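The values are calculated or read from the model by the stated rules, or taken from the named source; none is laboratory data. Please read all numbers here as calculations on a predicted model, not as lab measurements. Cβ placement follows ideal geometry from the backbone for every residue including glycine, while neighbour counts extend to all protein chains displayed. Accessible surface is based on the protein model in full, side chains and every heavy atom, while ligands, DNA and RNA are left aside. Shrake-Rupley method; radii C 1.70, N 1.55, O 1.52, S 1.80 Å.
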Amino acid sequence: MTTDWQKSLSNLITDPKELCHLLELDVDTFISQHAINEFPLRVPRRFVSRMEKGNPQDPLLKQVLPIAPEMQLTSGYSQDPLEENNANPIPGLLHKYHGRLLLLVSGGCAINCRYCFRRHFPYNENAPGTQGWDRVIDYIQKDNSISEVIYSGGDPLVAKDDMLASLTQKIASIPHVSTLRIHTRLPIVIPERITASLLSWFTQTRLRPVLVTHANHPNEIDHHVMAAIQRLRQAGVIVLNQSVLLRGINDEVETLVHLSQKLFEAGALPYYLHMLDSVQGAAHFAVPVEEAKKLILEMSFKLPGYLLPKLVREKPGVLAKCPV
Ligand SMILES: *Cc1c(COP(=O)(O)O)cnc(C)c1O
Ligand code: SF4
């Protein structure tokens, strides 16, 4: 049986002409075919419905629109900015943080975000297959410093519930693991993904469930997203959000303050505000460190402490995020 979320996932907008038609924009002026060849256009319809028609500067549109500046080579930017290939001991697994282990449970995403640090990541080499997952479980069993397992990707919730349910069962049987965390953009871009079936494997083991959504702008949060976060909360999930600081999208105090407030209204707490990773093709999204610090300081005057995200940056080889 195909569920609603699977239908939405197979019915993404991938044709720039269709996107521009829906938004009443002139396709040739805005879209770069080279950029699409490099990293395809991919965006769920629900996300597009939150964009403003006729506005090429729409903050949601800019997150997904393939444009010519992506093709500029910028020094200091690379294909694998976090050197994740070095922390990839067996396929499907990234062990780069102390006590926490990332599992790449899905190579795909529902949306292709132009700033993504994984736009060049070799996902296909990382599909572990059924036997591979046994090796992953084995790895976790042998290392009792691992107390938290994080489902990552791609977007882990693109994977099907039966696969995630069986993997979660195995992880729950490892005594030293106490927390299961999911990092996903699906509650934002395809909120119907938060189904009873998902909640059942996620919340009905002894593992403490945490979910980190990924919204960058307050316009991303509509009543469907709010309802999805409510379902998670009612099932006992702790819901946090992380954002990336992006030039021309959320680099103003009012926008970030509004994002924090909107998240809180929805039932999620702002967790991280990331500096952009230096991935080739995304340099036009970069906000300089000094400006970022100033933004956070000004936000701190307008928000309670619990709505102020931590400004962080990832450095290759360092065992945690670095505060900026
Ligand atoms: C930072 C990050 C983590 C780990 O986060 P901590 O909260 O610092 O443990 C996991 N997954 C993704 C995608 C991240 O960006
Ligand atoms: S991994 Fe996250 S940021 Fe990157 S393309 Fe997928 S959803 Fe977007």
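Summary of computed values
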item	result
The listed residue being of a type in the set (A, V, I, L, M), free of Cβ contacts under 8 Å to residues at least 60 places away in the same chain, more than 23 Å from residue 193 (Cβ to Cβ) and not assigned by TED's automatic domain parsing to the domain that holds residue 312, out of 48, 27	27
Residues located in segment 107-152, provided they are of a type in the set (Val, Ile, Thr), under 13 Å from the mean Cα position of the chain (by Cα) and at pLDDT below 95	none
Boolean, residue 237 is at pLDDT 95 or above, within 16 Å of ligand 1 (Cβ to nearest atom), surrounded by 15 or more Cβ atoms within 10 Å (Cβ to Cβ) and aliphatic (A, V, I, L, M)	yes
Counted residues, segment 265-314 - those being assigned to a helix (DSSP H, G or I), open to solvent by less than 50 Å² (accessible area, probe 1.4 Å) and touching a helix residue (DSSP H, G or I) at 6+ places or on another chain (Cβ under 9 Å)	7
Meets criteria (open to solvent by less than 50 Å² (accessible area, probe 1.4 Å) and farther than 28 Å from residue 102 by Cβ) for residue 257	yes
Residue 262 vs. criteria in the same structural domain as residue 119 (by TED's automatic domain parsing), farther than 16 Å from residue 216 by Cα and not in a loop (DSSP other than H, G, I, E, B)	no
Wholly enclosed helices (runs of 4 or more DSSP H) of segment 9-48 bearing at least 2 residues under 20 Å from residue 107 (Cβ atoms)	33-38
Pairs, first within 18 Å of residue 276 (Cα to Cα) in segment 304-316, second modelled with pLDDT under 95 and of a type in the set (S, T, N, Q), C-beta under 9 Å, six or more apart	316/86
Test: residue in segment 162-177 that is open to solvent by less than 10 Å² (accessible area, probe 1.4 Å), within 16 Å of ligand 2 (Cβ to nearest atom) and not hydrophobic (A, V, I, L, M, F, W, C)	no
